[in-house]
Structures are given as structure tokens and as C-alpha cells.
Amino acid sequence: MAERIEQRLEDRVPELEQLERVGLFSRTEIRAVLRKASALEYKIQRRALRKEDFINYIQYEINLLELIKKRRARIGYSFKKEEIEHSILHRVHSLFNRATGKWKDDVQLWLSHVAFCKQWNAKHQLSKVFSTMLAIHSNKPALWIMAAKWEMETRLSSESARHLFLRALRFHPECPKLYQEYFRMELMNAEKQRKEKKEFEKAKMDLGEFNYSEEILNGEMARIVYRDATQKIKGVEFQLAVLSIAKLFDFTQDLQKEILENLQASYADDPLTWDHMARRELDLGSLQPPGQAPKQRKVAEVARREERCCAVFDEAVAAVPTEDMWKCYITFCLERYNRKTNSEELKQKRLERTLSVFNKAHECNLLPEALYKQWLQLLLESSLSEKAVEVAEAATRRFSVSVDMWQMRLQVLIQLKREDVTQCFEEAIKHVKSKGTLALWTLWVEWSEGTNSKEDTEALYQRSLRATTPAESVTMKEMYLDWTYRSGGYKKVKKVFTSLCENRPFSLDFFRKMIQIEKEQESCKMLHLREYYERALREFGSTDTDLWLDYVKEELSHPQGKPENCGSIHWRAMKMLQGDLVEDFVSKYTLLQTGHL
């Protein structure tokens, strides 16, 4: 092994001599490079190879290349690249090849090699990397697409890109993304050839020696890809994706027409088809009436286009009366309403249209649950408070077991300061199952804190502890403790803490809150702190190292603390903590003893 390493280091000598001779590196730096290279070589020649060693070696060589590049720029020296950089590049490629040969399944390693080749313009090497990588990872469509894009965009080889896509489709005959990118590539190739032909014609050159096929120029290859794809891939999403790609090219009108016809023929009942057909009206121009100011004309044109969109949507919800269809219609209306405009008339028209569509969907019982919240926000923003209350009540009637709906209704009533808030809370708790009611109880007690008397709020907190599930009661205990301290002071919170400790479960924050309250008192007693820490450790002593360390710190820093107790606490922690936590505790405890924590 030593002989092999010595040979590799000797191979470096010519490039290092050149670096010193041309003044890019000093003799001291050359020696440092050799020492580092020697250490890295030993690591990658061991029997038990580690991936990290190869990555570190590669990164070191890349950093060296970057440093040489900066030094060249600084002194303005651009010669001897063959003897210096090319030697290092060859070594990096060799390291990558060894690493990817050993850890073939590591895709990130392959991609790092690809990125390196692109950065240093190693086209020949990159072609080999892609070939080897795709032979091993043929099950990953994204890698095929990456390779084909590189062939098309960097090497300008449409034939190679097409060959790669066809190979990829043999492995993944039903992959939508592959077909989309293949379709895009054929259109890009057609556009490139059209531009070339146009330039030649402009230069009045003879096109006889160039073979420009009219079919390729008109995008017929892309049409073949599309037709083949539609036989294997079903779904409106694919059709729309292909159509959006075709729209990027100005010579695909016939192709776009064919895709639209297929879309309407095969997916007439799909909401996404109707959504696309409606939104198309925004892009279709119309004759503008003369005699109006440019600004007024623009506003009027936008309003007309939106009305045409809504006419299509109205037809859609009649033909396909589903929640998804109404959702598409409402989403469109909200998008238009949220668009900025200086025209108050247009903004008002958009608002009225949006509220009308919400109302129609609600009357048809086809308004999705998630959209009720947006409807209410819009009503409250528009100062339609009575309508908001009515809608919120209707939403809870329709989705009577939904916590979100009740929460939304209660928030509306609280915001409007209505008198029937308590009655609504009672109704909500009656309809919703006990599991999942935490959000309602949290809202109720927060509202009660600012509205009701202390006695009523305390009774509500105690009721919430009985009504919620054990897991949810943990949050209520924390809130109860916090509110008691704010409203009743230290003595009251101490009594509440003692009573709450009678029923599990607890959270660590519950105990930490009580410890913090004790520490805030002028006469903070270590006796009380010990009690709270001991209670917390009984619950969380096996899973939390910081709790033990905080206990130790308290004994060391508190005026009434006993530093001699620290040894006992350390011994108990070592017994109670589980698994790797013991090692973590020992490390932190050592840092604490040395004053670094």
C-alpha cells in the first residue's frame, strides 16, 4: 500500500513544480499540499473504505482547483493549464469513478460527478458518466430527462436526446413527465431548425446542402409523441401539461387545436377541463369600442373578459354540478378579486360576483368545507356582519361534527361581540366528540378570561380538564396554571399546581412553568424548587438530560442550594437515563464542571 501511495504522490510532483515555478504557489504551500494529499491518500487506500474519505479528498481537490483559478486571475497568468489543471481534473474524475463504482446506489454521488463535469466543461467525461449512471439507475426517469436535456441544450444533439428519450420510455412506458419533456424537446428542435432556416434565407444562402424537413419544422414529431402518449397516459392533467408546453411555441396553433379537441371530447365531465376552457377567455382578445379613454377602455375590456369566463363557468356548474367544479369557479373569482386594480367599479363588480358564486354553491349544498372560511372573511371585510353570522350558522348545521366549522363560527361571534357566544360554545361541545375539542376549549377559556368573572373562568378551566381527553388535558393544565398565576398570584397558583399534580398526564412545560414562577418570587425557596424538580424527574427523568442539568445548576447557583447534592443527582441521572442519553448527559455534565456550559 505504501508503495502505491508513494507512486501517486510522485505523480503529483510535475504539477506542483509547475505551480511553484510560475509563482502560483510558494514552496511552503507546496509542502502543505503534499502533506494533506498524503494523509488523504492513506485514507482511501485502507481495506475498510469509507465514502466520507472519498468525498473529503474530492472536495480538497476541487478547492485546490478553485484556489488555482483565483491565483491565475490575480496575477494574470493563463498558461500551463495542460500540466496543472488537467492533471488535477483527471485525478478528481478517477476518484469519482472509484467512489461511484464502490457505492453504485448513491445517486447523490453520481449527481456530484455530473455537476463537476458541467462546471469544468468536461463534455467527453460527462457523456461517459451519464452512460454508466443510466445503466445502473435506469429506474429513475429524472436522470434520463437530465441526460437528454444536456444532449439537447449543451451538445446541441437532437438525435442523441431523442435516442435517450426513446430508451427511457422502454423502461417507463407510462411516465407522464418523460413524455412531457420528450414533447418539449421535439418542439425545441423544430424551433431551432426554423430559426436556422430563417437566418440562412436572410443571408440568401443555398439550402440545398441542408436537409430541413417541413414535417419537423411544423412540429410533426411532437404531434407523434403526443398521440403516442395519449394512448398510454390518461387524465386531464397530462393533456393540460402538454398544452401549456405547446403554448410556449408560436408555430403550434394546429397542435394546440388538436389537444383542445381531445380534451373536450375525452374529458368533458372533468372540472379541470371546464376550468381551462373558462380561463382561456381571459387570453382571447376582442374588439375594443372606440371613443373611450385608454384607461377606461382597458378596464371595460378586462370586465368583458371576466364576464365571458364566468359565462363558461356558469355553463360548467350546470353540466358538472360537483364540489370540485364549484371550487374551481370560486377559486377563479377569488383570484380576480385579489388582483390589484385602481378601478373601484371593477373591484366592486368582482366582489359582488364572488359573493354571489359563494351563495349559489352554498344553496346547492356543494360548497366545500374549506371554502366557508374564505367566504366569511370576505363578508367580514365587506362589513356584512349579519350575513356572516347567518353563513357561519349554516356551515355548522351542514358540518355539525367539524371542529373547524364551529371554531370559525365562534370566532365570528366573538369578533362581532355577540351575546350568544356562551350558548354557541355549549352547542359546539354537545355536537363535537370529546376527542379533538381542544381547539374549542382553548378558544372558550381565552374568551372567558377577557369577558367573564374569575370564578366563571376557573369553573370553565376545571370543566375543560374533565371534558378533554388525557392527552389534550395537558395543554389545558398549562393554560390553567398560567392564568391562575396572572389572576390569583403565587399562593393561588401553588394550590392549583398541587391539585393538578393528582391526575396524570403532565407535560415538561407544566413543571418548568411552575419552576419559573417560583424563581420569579422575591423569597424563592430552594425547598420548593427541589419539590418541583423531583416531581418533574419522576415523569421525565428517563428521557430528558437538560432537566437533570438544570437541577444541578440550581443546587450550585441558588443561595440555599447544596452543592454536595450534585453527586447524588449525577448518580441518579446515570441510573435513570436511557440509551445514548447517558453519554449525552456525561458530556454536558463535564462541560458544566469545567465552566463551559
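The values are calculated or read from the model by the stated rules, or taken from the named source; none is laboratory data. Everything numeric in this text was worked out from a predicted model, so none of it was measured. For neighbour counting, all protein chains shown are included, and Cβ atoms are generated from backbone atoms with ideal geometry for every residue, glycine included. Each accessible area value is taken on the protein alone, full model and side chains, heavy atoms only, with ligands, DNA and RNA left out. Shrake-Rupley method; radii C 1.70, N 1.55, O 1.52, S 1.80 Å.
The residues of the range 245-264 that are of a type in the set (S, T, N, Q) and either surrounded by 13 or more Cβ atoms within 10 Å (Cβ to Cβ) or in contact (Cβ under 8 Å) with a residue 12 or more places away in the chain (or both), listed by number, are Thr252, Gln256, Asn262, Gln264.
Give me the pairs: first residue in the range 32-49 and modelled with pLDDT of 90 or more, second residue acidic (Asp, Glu) and surrounded by 14 or more Cβ atoms within 10 Å (Cβ to Cβ), beta-carbon distance under 7 Å, and six or more apart or on different chains, which are they? Here the result reads Lys43/Asp53; Ile44/Asp53, each pair linking the range 32-49 to a residue that is acidic (Asp, Glu) and surrounded by 14 or more Cβ atoms within 10 Å (Cβ to Cβ).
Cβ separations smaller than 9 Å between residues 6+ apart or across chains give the following pairs from the range 57-80 residues that are over 27 Å from Arg46 (Cβ atoms) to residues that are of a type in the set (Lys, Arg) and surrounded by 12 or more Cβ atoms within 10 Å (Cβ to Cβ): Arg72/Lys81; Tyr77/Arg71; Ser78/Arg72. When the range 436-455 is filtered for residues that are over 40 Å from the mean Cα position of the chain (by Cα) and over 17 Å from Val493 (Cα atoms), the ones remaining, listed by number, are Thr451, Asn452, Ser453.
Okay, residues lined up against (1) assigned to a loop (DSSP other than H, G, I, E, B); (2) at pLDDT 95 or above; (3) closer than 30 Å to Ala222 by Cβ; (4) polar (S, T, N, Q):
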| site | (1), (2), (3), (4) |
| --- | --- |
| Pro289 | yes, no, no, no |
| Val299 | no, no, no, no |
| Met325 | no, yes, no, no |
| Thr331 | no, yes, no, yes |
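Screening Lys347 with (1) under 25 Å from Leu413 (Cβ atoms); (2) modelled with pLDDT under 95; (3) open to solvent by 20 Å² or more (accessible area, probe 1.4 Å); (4) not acidic (Asp, Glu) gives one miss only, at (1).
Can you pull out the residues in the range 476-487 that are open to solvent by 40 Å² or more (accessible area, probe 1.4 Å) and in contact with a helix residue (DSSP H, G or I) (Cβ under 6 Å, 6 or more places away or on another chain)? Passing the criteria: Glu478, Tyr485.
Applying the condition of being among the β-branched types (Val, Ile, Thr) and touching a helix residue (DSSP H, G or I) at 6+ places or on another chain (Cβ under 7 Å) to the range 63-87 and asking which residue is surrounded by the fewest Cβ atoms within 10 Å (Cβ to Cβ) yields Ile68.
Yes/no matrix, rows are residues, columns are (1) in contact with a helix residue (DSSP H, G or I) (Cβ under 7 Å, 6 or more places away or on another chain); (2) at pLDDT below 95; (3) in a loop (DSSP other than H, G, I, E, B):
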| residue | (1), (2), (3) |
| --- | --- |
| Pro505 | yes, yes, yes |
| Phe510 | yes, no, no |
| Lys513 | yes, no, no |
| Lys519 | no, yes, no |
| Cys524 | yes, yes, yes |
| Leu527 | no, yes, no |
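Among the residues making up the range 151-167, those that are open to solvent by less than 70 Å² (accessible area, probe 1.4 Å) and either over 24 Å from Ala122 (Cα atoms) or not small (Gly, Ala, Ser) (or both) are Glu151, Met152, Thr154, Arg162, Leu164, Phe165.
In the range 533-545, how many residues are outside any loop (DSSP other than H, G, I, E, B) and surrounded by 14 or more Cβ atoms within 10 Å (Cβ to Cβ)? Total satisfying the criteria: 7. Residue check: Met408 meets all listed conditions (1) under 29 Å from Glu426 (Cα atoms); (2) open to solvent by 30 Å² or more (accessible area, probe 1.4 Å); (3) touching a helix residue (DSSP H, G or I) at 6+ places or on another chain (Cβ under 7 Å) but one, namely (2).
When the range 223-239 is limited to residues that are of a type outside the set (Asp, Glu), in a helix (DSSP H, G or I) and open to solvent by 100 Å² or more (accessible area, probe 1.4 Å), the one that is nearest to Pro173 (Cα to Cα) turns out to be Gln231. May I ask you to say which residue of Glu449, Glu419 is of a type outside the set (S, T, N, Q) and either at pLDDT below 90 or not in a helix (DSSP H, G or I) (or both)? Answer to the selection: Glu419. Within the range 1-23, residues that are within 22 Å of Lys70 (Cβ to Cβ) reach partners that are open to solvent by 100 Å² or more (accessible area, probe 1.4 Å) and part of a loop (DSSP other than H, G, I, E, B) with beta carbons closer than 8 Å, at six or more positions or on different chains, in the pairs Val22/Phe79. Does Lys553 meet the test of being in a helix (DSSP H, G or I), modelled with pLDDT of 95 or more, closer than 29 Å to Lys477 by Cα and open to solvent by 60 Å² or more (accessible area, probe 1.4 Å)? Here the answer is no, as Lys553 does not meet what is asked.
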